[in-house]
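I have placed the structure first, in the form of structure tokens, so that the comments after it can refer back to it.
The values are calculated or read from the model by the stated rules, or taken from the named source; none is laboratory data. Since the model is a prediction, treat every value here as computed from it, not as a measurement. Virtual Cβ from ideal backbone geometry, glycine too; neighbours counted across all protein chains shown.
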Amino acid sequence: MPQTITVTVHPSADDFAREDQLAWKLAELAAEQAEPTPEVVDMVINRVIDNAAVATASLTRGPAVAARAQALAHPYVPGATVFGAPLTACASPEWAAWANGVAVRELDFHDTFLAAEYSHPGDNVPPILAVAQHVGADGAALVRGIVTGYEVQVDLVRAISLHKHKIDHVAHLGPSAAAGIGTLLGLDAETIFQAIGQALHTTTATRQSRKGQISTWKAHAPAFAGKVAVEAVDRAMRGQTSPEPIYEGEDGVIAWLLDGPDARYDVVLPAPGEPRTAILDTYTKEHSAEYQSQALIDLARALHGEHPELADPANVASVVIHTSHHTHYVIGSGANDPQKYDPTASRETLDHSIPYIFTVALQDGGWHHVDSYAPERAAREDTVALWRKVTTAEDAAWTRRYHSTDPAEKAFGGRVEIELTNGERIVREIAVADAHPLGARPFAREQYVAKFRTLAAGVLDDAEIERFLDLAQRLPELTAAEVRELSVVARPGLLAAEAPTGLFELGRDHARTGTTSDDARPVPATSDDAPADHATSDTTRTAPAPTPTAPESEAR
């Protein structure tokens, strides 16, 4: 039977045992080397493919380019691979986690889990994979680590709302990634406990990153949490401790950032020996947009086929989407963000505007991860006219279904009511996206592979596509050497353009030329030229041989 951990705030005067703290319970879960079920292993493979697919599609986008340049400015041996760069271009694991995390998150196109909080559990994969490559772990250890990352994040998301207090959802990601890395390395509960506490303490930020004019930081936020998790594990392995009790302390996260001194949460975790199956409750995206828009995109494309006249704003008086509290207030008109109706808004903002997304999907009969966000697409006169007629409204029934714990009832869609100028009325509703496990066309391995091939076309050579898919689909059997090759290499010339320069390049240029900061001229580090330079540089850092903290069969 699952175990329920009741979490409340404790004054410092209480003799609150460490073994009763939530962070300790999570650490115990992570320290147990539980073997995953075949169904869980299969889903881990699917999500590794999914992450690589969306990261591949992001390789030439600004945030991914910048993060990759930062990572490649931190070469390390052994280190970890960086998406897009040659396999020989290894960066320090925390920086590889950073770059790969940004690439995975940039298009808002990978998996999701929604409950009391929101999350993208696939964000756990980049930091866990980076550490696996760095320490020479095999595929079986990598799978166990990813399973723990998903389990901890999903279990926290089910129980503890962050957004209600305007705390960004990555505050659950820091602890889950640290826990997953702990499982991967076979660390003891004490070390994982300290890492979880540090990772949580340093990843509590506000949700302004997802409000108003949304910036490129949206892609960086989970990557930052993953990077912090790697660093937290490193510090904990060196004997450094964290604030405690981090959740329950009278000046801790719950007391001051969440529900306050009188808070009570019931966090349900697998009991010792029970399988970790939370990944099976998560779901990926068919469309590159906020998850709550997935089902509504599917509804819009169906209406496009049934009622092509709806594409013309002259025929439409109003469109009202009756939906959940979250959809209405976060990506709907209830947010009261004028930017959600602004044709010059950033891609990140349009991604969080269901009025825009529904309008374009209704007019185009589908959704494209690039074309649907193009400035010329957003500025089209007929689109703007129709867009301004689309609003959302909270519906108690859809809010209840959103928060339901029954998978058969849980829903992220809504009811669309369209008033035509001729007096007619069209009403349609949809509960879950077509790609959802309960949807019209649930995603399975075939769809994950097809998504990867589609997004990799023109970005990777055909041989590289097949190489990666072969490795990913043999994930639990991979040797340590094969895990180090679990990355994607962009086709020659794709990444040859100059990357933006920053602080790290200034320092590198000064070291080479001996110039001062006043007359230094930074040498742009491109993804094509940086690896060779890093591989031969006298300043490339070499890691000391890792000291296993568990038997080699577990740590590797």
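Observations on the model:
- Scanning segment 66-84 for residues being within 23 Å of residue 461 (Cβ to Cβ) and either without any contact (Cβ under 8 Å) to a residue 12 or more places away in the chain or in a loop (DSSP other than H, G, I, E, B) (or both) gives a total of 3.
Residues are listed down the side, and each one gets a yes or a no for (1) of a type outside the set (Val, Ile, Thr); (2) in contact (Cβ under 8 Å) with a residue 40 or more places away in the chain:
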site: 421; (1), (2): no, yes
site: 424; (1), (2): yes, no
site: 429; (1), (2): yes, yes
site: 432; (1), (2): no, yes
site: 443; (1), (2): yes, yes
site: 450; (1), (2): yes, no
site: 460; (1), (2): yes, yes
site: 471; (1), (2): yes, no
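- Every condition in (1) more than 21 Å from residue 366 (Cα to Cα); (2) among the basic types (Lys, Arg); (3) under 25 Å from the mean Cα position of the chain (by Cα); (4) surrounded by fewer than 16 Cβ atoms within 10 Å (Cβ to Cβ) holds for residue 400 except the one numbered (3).
- When the test is whether a residue is surrounded by 18 or more Cβ atoms within 10 Å (Cβ to Cβ) and either touching a Ser or Thr at 6+ places or on another chain (Cβ under 6 Å) or under 26 Å from residue 433 (Cβ atoms) (or both), residue 307 does not pass it.
- Members of segment 335-364 that are more than 16 Å from residue 416 (Cα to Cα), in contact (Cβ under 8 Å) with a residue 40 or more places away in the chain and not aromatic (Phe, Trp, Tyr): 335, 337, 339, 343, 345, 346, 348, 349, 351, 352, 364
- Close pairs (6 angstrom Cβ cut-off, 6 or more residues apart or separate chains): assigned by TED's automatic domain parsing to the domain that holds residue 187 in segment 11-26, surrounded by 12 or more Cβ atoms within 10 Å (Cβ to Cβ) and of a type in the set (Phe, Trp, Tyr) anywhere: 18/24; 22/247; 23/193; 24/193
- Residue within segment 403-417 that is closer than 22 Å to residue 312 by Cα, polar (S, T, N, Q) and assigned by TED's automatic domain parsing to the domain that holds residue 340 present: no
- For the residues 454, 501, the requirement of being loosely packed, with under 15 Cβ neighbours inside 10 Å and polar (S, T, N, Q) singles out 454.
- All positions within segment 227-266 that are among the hydrophobic types (A, V, I, L, M, F, W, C), crowded, with 20+ Cβ neighbours inside 10 Å and either touching a helix residue (DSSP H, G or I) at 6+ places or on another chain (Cβ under 6 Å) or part of a strand (DSSP E or B) (or both): 228, 229, 230, 232, 233, 236, 246, 258
Yes/no per residue for (1) of a type in the set (D, E, K, R); (2) within 22 Å of the chain's Cα centre (by Cα):
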{"residue": "16", "(1), (2)": "no, no"}
{"residue": "71", "(1), (2)": "no, yes"}
{"residue": "94", "(1), (2)": "yes, yes"}
{"residue": "102", "(1), (2)": "no, yes"}
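- Residue match in segment 415-424 (condition: within 30 Å of residue 464 (Cα to Cα), surrounded by fewer than 16 Cβ atoms within 10 Å (Cβ to Cβ) and either over 22 Å from the mean Cα position of the chain (by Cα) or at pLDDT 95 or above (or both)): no
Per-residue answers, yes or no, for (1) at positive phi; (2) over 20 Å from the mean Cα position of the chain (by Cα):
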site	(1), (2)
324	no, yes
328	no, yes
336	yes, yes
350	no, no
355	no, yes
358	no, yes
369	no, no
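- Filtered residue count, segment 481-498, keeping only those that are under 23 Å from the mean Cα position of the chain (by Cα) and closer than 16 Å to residue 48 by Cα: 7
- Test: residue in segment 188-207 that is part of a loop (DSSP other than H, G, I, E, B) and touching a Ser or Thr at 6+ places or on another chain (Cβ under 8 Å): yes
- Test: residue in segment 77-86 that is surrounded by fewer than 24 Cβ atoms within 10 Å (Cβ to Cβ) and within 17 Å of residue 224 (Cβ to Cβ): no
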